[in-house]
Amino acid sequence: TTPLLADGRLYVGTRRGDHYIFAAGAEKKLLHQTKFPSPISATSCAANGTLYISTMTELLALKAEKKQ
């Protein structure tokens with residue numbers, strides 16, 4: 001899939017079901033890695049504070065909790 005650059009982060013999904021979040025910048029800095037049970041089928045999408053990830057079997061909407 002095509003990488004997504006949003007909010008200072010680079011989101012990359014793979015056909016193996018891996019999803020990576022890197023800090024945007026000159027140096028490679030992995031912030032988070034997730035393994036999904038099925039392949040990621042489309043580019044991630046960010047809208048209104050929510051990250052959408054589409055796999056071959058489901059669409060996930062992830063939103064960070066607000067810090068108090």
Worksheet item: From the set of residues in the range 31-68 that are open to solvent by 90 Å² or more (accessible area, probe 1.4 Å) and in a strand (DSSP E or B), which is farthest from residue 6 (Cα to Cα)?
Response: 35
Worksheet item: Got a number for residues in the range 8-30 being open to solvent by 50 Å² or more (accessible area, probe 1.4 Å), of a type in the set (A, V, I, L, M) and assigned to a strand (DSSP E or B)?
Response: 2
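The values are calculated or read from the model by the stated rules, or taken from the named source; none is laboratory data. Since the structure is predicted, the reported quantities are computational estimates derived from the model, not experimental observations. When the accessible area is computed, the model is the full protein with side chains, heavy atoms only, and any ligands, DNA or RNA have been set aside. Shrake-Rupley method; radii C 1.70, N 1.55, O 1.52, S 1.80 Å.
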